[in-house]
Every structure is written in structure tokens, then in C-alpha cells.
1. Might you check whether a residue that is of a type in the set (Ser, Thr, Tyr), in contact with a Pro (Cβ under 6 Å, 6 or more places away or on another chain) and under 25 Å from ILE196 (Cα atoms) occurs anywhere in region 316-331?
2. Determine which single condition TRP5 fails, assuming it passes every other condition in (1) under 20 Å from GLY131 (Cα atoms); (2) open to solvent by 30 Å² or more (accessible area, probe 1.4 Å); (3) not acidic (Asp, Glu).
3. With LEU211, LEU198 as the choices, which residue is aliphatic (A, V, I, L, M) and within 17 Å of the chain's Cα centre (by Cα)?
4. One residue is enough: does region 345-362 have a residue meeting the conditions in contact with a His (Cβ under 6 Å, 6 or more places away or on another chain) and not aromatic (Phe, Trp, Tyr)?
5. Name every residue in region 153-189 that is closer than 16 Å to GLY368 by Cα and among the aliphatic types (A, V, I, L, M), in order of residue number.
6. Condition (residue is assigned to a helix (DSSP H, G or I) and open to solvent by 50 Å² or more (accessible area, probe 1.4 Å)) applied to region 186-204: is it met by at least one residue?
7. Can you confirm whether GLY347 is within 18 Å of LEU396 (Cα to Cα) and either open to solvent by 50 Å² or more (accessible area, probe 1.4 Å) or at pLDDT 95 or above (or both)?
8. Which count do you get for residues in region 118-137 that are within 22 Å of the chain's Cα centre (by Cα) and either in contact (Cβ under 8 Å) with a residue 40 or more places away in the chain or surrounded by fewer than 17 Cβ atoms within 10 Å (Cβ to Cβ) (or both)?
Amino acid sequence: MTADWLTGVLKPGDLVVVAQGTGEPTPLLEQLVRAAPPDIEVFVGLSHSTALTGPAARELPLVSFGALGPLGRLAANGTVSVIPCHFRDVPRALASRNPEQIVVALQVSSADGTGHHSLGLSVDYTYDLLGRARAVVAEVNDRLPHTSAPRVHSSQLTATVPSSRPMPTVTAGATGPVHETIARHVAGLVPDGATIQLGVGTLPSALGRALKSRRDLRVHSTLAGSWLLDLARSGALSDEPGAVTICEAAGSPELYDWVVESGVLVCPVSDLSRPGAVADHFVAMNSALQVDLTGQVNAEELGSGYVGGIGGQPDYLRAAQQSRDGCSIVMLPATTGDGTRSRIVRGLHAGAVTTPRSHVDVVVTEHGIADLRGKSLAERAEALVAIAAPGHRSSLRETP
């Protein structure tokens with residue numbers, strides 16, 4: 001069964017769970033957007049394609065764990081229902097939402113001689129749902145490489161749609177002086193021999209350059225952008241087997257080639273987040289939208305609506321604290337882009353607490369480092385005001 005899977009597989013009441021990121025089965029998602037049968041829901045995550053950017057996507061009943069990328073615009077229009085959950089808990093949340101009618105849509109490589117397909121460069125929530133799915137539909141992309149990622153046997157696939165397309169090139173936003181300054185501050189907190197966690201985006205890109213002089217670094221990160229290739233080329237990474245473990249690579253074609261050739265471990269999210277999976281000297285570095293004067297973090301909502309997501313931030317920050325000599329770091333510019341609003345705030349927007357204050361060791365802006373470890377609430381507030389933009393410090397100090 002090929003492209004007629006929309007009518008031959010789907011049933012009213014189905015929850016179609018579409019793989020995200022570089023694992024997105026874009027042709028399948030495009031077919032859903034154009035001609036989804038009535039009375040279904042579609043779960044999507046971060047998309048690097050244009051499948052969700054057209055007006056037809058507004059007619060599709062969409063569910064997600066956040067509002068990343070093109071979902072931000074759809075969320076602003078009220079066409080995405082957000083389930084607030086940790087990234088590792090997405091399979092559990094979806095199984096609770098629709099336990100009997102889950103249909104998984106994912107991307108796999110061509111089959112090998114034993115009938116097994118590789119998940120290639122991305123392993124996400126769809127992998128953990130395979131055993132619970134009523135049906136599994138796969139884009140079989142003959143240009144997706146076989147990697148160390150888990151494999152899926154042909155017998156597990158209800159329907160397939162063949163394709164031949166390259167992986168998407170994912171670029172970070174242009175960095176500026178603010179990002180570079182924050183990256184230098186953060187890099188000073190990362191010693192040689194550390195195990196690091198980053199994501200994708202502008203600040204991780206700047207950090208990749210700032211960490212080039214480190215040595216013997218290991219990587220334990222759900223997402224890895226082209227900063228990973230920067231570290232490899234500079235000699236910053238450990239050459240021990242298994243030194244780099246990720247769930248998804250999202251960057252340049254050169255990054256993808258390096259992941260395949262170097263034998264990077266591409267594994268399920270549950271493997272990275274299981275107890276005991278994190279090594280000593282683990283440094284977790286995560287971005288935020290706002291931090292309040294106690295250290296609580298908002299990475300989800302602003303006045304414009306839901307624009308982010310919980311993701312793995314709380315899990316990684318807490319794991320860093322539980323690692324011997326680890327450090328949990330939250331990084332953000334001190335103000336919004338136009339400089340009119342402080343991102344160090346008295347109260348988070350809509351009370352959105354993505355990460356509790358107890359999970360945060362250090363907060364970094366371009367104005368410095370606020371080390372919150374061992375500090376009282378009053379001392380935390382003082383340290384955070386000190387790294388706010390100078391023009392906003394007096395208002396932050398005012399008694400409410």
C-alpha cells in the first residue's frame with residue numbers, strides 16, 4: 001500500500017503521530033495537510049519543512065508538545081492544541097490521550113538484506129509508540145543513511161511511501177555581539193573533560209565556537225546542531241567510543257556525513273534520560289524566554305502566546321545537578337530584541353514555570369553570570385538583578 005494510506009489505513013478517531021525534526025516524513029505530512037480524512041487528530045513536533053506553513057494547515061486538527069518553528073504562527077491563530085509535557089513523556093501523554101487509535105507516521109531508510117530499516121539521524125517519540133500503534137506508515141527514503149539508530153523491520157510497517165530526498169539543512173539564526181558575549185561567559189563554566197548538553201539555535205551555535213579550545217569533551221544531548229561538527233573539527237571532542245550520544249542531528253550535510261562516518265550513537269530519548277545515564281562533570285546549557293528573581297524559568301509563553309515548549313530542559317538541568325561536579329546553566333539575552341523589555345523579570349508571563357528554581361545553578365546574560373548555588377531567595381534576587389540590563393535594574397529592585 002502506498003499513497004492511498006490516507007483512505008486505506010486511517011479511520012475516524014485516529015491520532016496520527018508524525019515524527020519530527022530531521023526524522024519528519026515530510027511527504028506524508030504534506031499529504032495529511034492536503035487531504036486528511038475527517039475526524040482525525042494529527043500530532044506534530046518541531047518541523048523544518050514548509051508543510052505546516054500554508055493556509056491548509058489551519059484546517060488540520062493539530063496537537064503538539066509546544067509551538068516551535070512554524071507551529072508558533074499556528075498557535076497564535078488558535079489552531080494548535082498544546083499538551084504541556086516533558087519531551088521524554090510525549091509517548092505516555094499520547095497513549096493516555098488515545099490509547100486505542102494511534103497511527104505512527106515516520107521516516108526510515110531503505111531496508112537492508114534482513115528487511116530492517118534504519119531510523120537514520122533522528123529517534124523521537126514515534127519509536128516508543130511503535131508497540132502501541134494500531135498502524136505504522138513509513139516514508140522509505142533511499143537517501144536516508146543507515147546509522148547506529150534503532151531499526152524497524154518491514155513486517156512492522158502497515159503502509160509505505162517511497163521517496164528519494166536529502167535531509168533538510170537546518171541553519172541557526174545569525175549570531176550577534178550579545179550571543180557571542182553570552183557564549184564566552186558560559187564557556188568559562190565548561191571545563192576540559194566535561195560532558196555537555198546543548199540544543200539547536202543561535203546560542204548553541206555561538207557556544208560551539210566558544211568551546212573550540214576545550215579538550216576531551218563528551219556530548220549527551222537530545223539534539224545536536226552543526227556546533228557538534230565545529231567541536232569535532234577543532235579537536236575538542238573525546239575520541240573514545242561512545243563519547244557522543246544524541247537522539248537527533250539537525251544541521252548541515254557535512255554534519256550528517258560526520259555523524260554517519262564517526263559512528264555517533266543515535267538512540268531513543270528514553271536511553272538518554274534514564275537514571276544513571278549521565279556521566280560525571282555533566283554541564284547542561286539551556287535557553288530561556290524569561291527568568292524571575294527567584295530563578296524560575298519560562299521557556300514556553302510570552303505576550304504573543306505559546307512560542308516554545310518544555311522539551312527536555314527540566315530533565316537535563318536536574319540531571320546536571322545530580323552529576324558529580326555538574327552544573328545546570330540557563331542562558332538568555334537580558335532584554336527582548338528591541339531592548340524595551342527585560343527578560344529578567346519579577347513574575348513570569350502567565351505564571352508559566354517551565355523549570356523550577358531548585359533546578360537552576362547558574363543564569364547567564366551578556367551582562368554576566370549569576371551563580372545561584374547556595375544562595376537564599378534574597379541573595380538570588382540580588383544576583384539576578386546584577387545581570388539584568390542596566391536600564392531595567394532600578395525597576396527590578398523596586399518594592400512591589
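The values are calculated or read from the model by the stated rules, or taken from the named source; none is laboratory data. As the structure is a computational prediction, the values presented were derived from the model and not from experiment. Cβ atoms come from the backbone with ideal geometry, glycine included; neighbour counts cover every protein chain shown. Areas reflect the complete protein model, heavy atoms only, side chains present, ligands, DNA and RNA absent. Shrake-Rupley method; radii C 1.70, N 1.55, O 1.52, S 1.80 Å.
1. First, the residues of region 316-331 that are of a type in the set (Ser, Thr, Tyr): 316, 323, 328.
After this cut, where a residue has to be in contact with a Pro (Cβ under 6 Å, 6 or more places away or on another chain) as well, the list is none.
No.
2. Among (1) under 20 Å from GLY131 (Cα atoms); (2) open to solvent by 30 Å² or more (accessible area, probe 1.4 Å); (3) not acidic (Asp, Glu), TRP5 violates only (2).
3. Checking each option against the conditions leaves just LEU198.
4. Among the residues of region 345-362, not one is in contact with a His (Cβ under 6 Å, 6 or more places away or on another chain) and not aromatic (Phe, Trp, Tyr), which makes the answer no.
5. As a first pass, look at region 153-189 and keep what is closer than 16 Å to GLY368 by Cα: 177-189.
Of everything in region 153-189, those that are closer than 16 Å to GLY368 by Cα and among the aliphatic types (A, V, I, L, M) turn out to be VAL178, ILE182, ALA183, VAL186, ALA187, LEU189.
6. Of region 186-204, the ones assigned to a helix (DSSP H, G or I) are 186-187, 202-204.
Right, trim to open to solvent by 50 Å² or more (accessible area, probe 1.4 Å) and you get none.
For region 186-204, residues assigned to a helix (DSSP H, G or I) and open to solvent by 50 Å² or more (accessible area, probe 1.4 Å): absent.
7. Criteria met by GLY347.
8. Count: 12.
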